[in-house]
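Only one structure is covered here, and it is reproduced in the block below.
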Amino acid sequence: MNRFTCTLTAAALALTALTAKAQTEEPLSPARCEMRLNVKLTPDVPDPRDVGFLSSLLSNDAGYGLALQRQDSGSVILVDLSGPGPAYNCRQVLKTMRKDGRVLSVDVASSSALQP
């Protein structure tokens, strides 16, 4: 075998090995974002702990969830927002929540973009 053929064969074998390795590795999970929010609601909200109410605050933002952490007073709740990242996506959901007529204010207590 000449030198060119040996080099070409070695390159083909290396490429085959890399392709096989890439196919067996798990793909990277997409980034997730998480935010802890202080939400002040209008006094006419009957039960801010209701799961249906919490999900309604997300409007049509599929893939996002709100988990109640505590209710500080009748109209102030602490919730965790989580969903597909990056953090910019969570901020867009936050803007939607602020437009809800039942929400007086939303303040970010903490946030992070996480890889699951």
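The values are calculated or read from the model by the stated rules, or taken from the named source; none is laboratory data. The structure displayed is predicted, hence computed values, not measured ones. In this analysis, Cβ positions are derived from the backbone assuming ideal geometry, glycine residues included, and neighbour counts consider all displayed protein chains. When the accessible area is computed, the model is the full protein with side chains, heavy atoms only, and any ligands, DNA or RNA have been set aside. Shrake-Rupley method; radii C 1.70, N 1.55, O 1.52, S 1.80 Å.
What to note about this one:
- Other-chain or far-sequence residues with amide H under 5 Å of residue 111's (modelled H): 36
- Taking all protein chains as shown and a probe of 1.4 angstrom, residue 35 keeps an accessible surface of around 10 Å².
- Other residues with beta-carbon under 14 Å from the beta-carbon of residue 93 carry, at +1 per Lys or Arg and -1 per Asp or Glu, a net charge of +2.
- Within the accessible area of segment 34-116, the carbon and sulfur atoms contribute 49%, probe 1.4 Å, all protein chains present.
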